[in-house]
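**Q** Here you go, one structure.
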Amino acid sequence: MPLAKFIKEMTQSFTLHPVAAHFSNGLIPVAVLYLLLTLYEESPFFEHTVIHLLVIALLAVPFSFYSGLREWKTKYKGAKVPVFQKKIRLSILLLVAGVLAATIRIAVPDVMQQGGLLAWIYEASLIIMLPTVVMLGHHGGKLSAGQRSERFR
């Protein structure tokens, strides 16, 4: 496929929401994996990767949230169905847990080495993010499948 044709097709079909959502939803499980490796190996190198992945994922969350709200209001006319309410609540939970974890880690760079309550809150915040992105993806998949079956049109 020639480059010009590829670029034209991309600009005509590009949708921000799935790109932003899949970006953060892909990084968060990897961050949790590195957190578990940190706990197992007690290596600060794995934990450094956790904060990098977390910050990059957090940068995508506002784009995903905004674009999801925009699509909900335009494509689905702001329909007050449970799946959208769940996605909004889960998105807020994701953002709060991510910001809490990042804030703790940035404020106390050696939080994992120090241990204690703050380390537990940091770990719990990261671990909570994993089922949150799974459920966001699950509900997004339900919407996609519904859209393909003309259910929401």
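Any read-out appearing in this document is the output of simple, stated calculations on the displayed coordinates, not a laboratory observation. Just so it is clear, the model here is predicted, and its values are computed rather than measured. Here the Cβ positions follow ideal geometry from the backbone for every residue, glycine too, while neighbour counts run over all protein chains shown.
**Q** Which residue, VAL111, VAL81, VAL134, tops the fluctuation ranking in a GNM of the chain built on C-alpha contacts under 10 Å?
**A** Largest GNM mean-square fluctuation: VAL81.
**Q** In addition: Using only the Cα atoms of region 58-103, build the gyration tensor, take square roots of its eigenvalues as a ≥ b ≥ c, and label the shape rounded, prolate or oblate: rounded if a/c is under 1.5, else prolate if a/b is larger than b/c, else oblate. Can you show the working numbers first?
**A** Details: a/c = 5.09, a/b = 1.90, b/c = 2.68.
Note, shape of region 58-103 comes out oblate.
**Q** Next question. Pull out a ≥ b ≥ c, the square roots of the eigenvalues of the alpha-carbon gyration tensor of the chain, then state rounded if a/c is under 1.5, prolate if not and a/b is larger than b/c, and oblate in the remaining case. Before the final figure, lay out each step's value.
**A** On the way: a/c = 2.74, a/b = 1.74, b/c = 1.57.
Prolate.
**Q** Another one. Once the dipole of the chain is set up with Lys and Arg at +1 and Asp and Glu at -1 on Cβ about the Cα centre, which of SER91, LEU54, TYR34 lies farthest towards its positive end?
**A** Projecting each Cα onto the dipole axis, the largest value belongs to SER91.
**Q** Over the chain, what is the relative contact order in whole percent, taking alpha-carbon pairs under 8 Å and six or more residues apart? Present the calculation step by step, with values, prior to reporting the outcome.
**A** On the way: 123 pairs, mean separation 37.8, N = 153.
Value for the chain: 25 percent.
**Q** Please identify, among ALA57, ALA102, ALA79, the residue showing maximal mean-square fluctuation in a Gaussian network model of the chain using a 10 angstrom Cα cutoff.
**A** Among ALA57, ALA102, ALA79, the largest mean-square fluctuation in the Gaussian network model of the chain belongs to ALA79.
**Q** Considering only GLY115, GLY68, GLY26, give the residue with the highest GNM mean-square fluctuation for the chain, with springs between Cα atoms whenever their separation is below 10 Å.
**A** GLY115
**Q** Continuing with the same structure: Quick check for me: using +1 on Lys/Arg Cβ and -1 on Asp/Glu Cβ, what's the dipole size of region 15-148 about its Cα centre, in debye to the nearest 20? Show your work: numbers first, answer last.
**A** Values: 11 positive and 6 negative charges, 251 e Å.
With only Lys, Arg, Asp and Glu charged at Cβ, the dipole is about 1200 debye.
**Q** Here's another thing I want to ask about it. Shape of region 1-82 from its Cα gyration tensor (a ≥ b ≥ c, root eigenvalues): rounded if a/c is under 1.5, otherwise prolate when a/b > b/c, or oblate? Mind showing how you got there, number by number?
**A** Details: a/c = 3.79, a/b = 1.63, b/c = 2.33.
Oblate.
**Q** Roughly how big is region 77-153's charge dipole about its Cα centre, with Cβ charges of +1 (Lys, Arg) and -1 (Asp, Glu), in debye to the nearest 20? Intermediate results must be reported in sequence, preceding the final value.
**A** On the way: 10 positive and 3 negative charges, 153 e Å.
It works out to roughly 740 debye.
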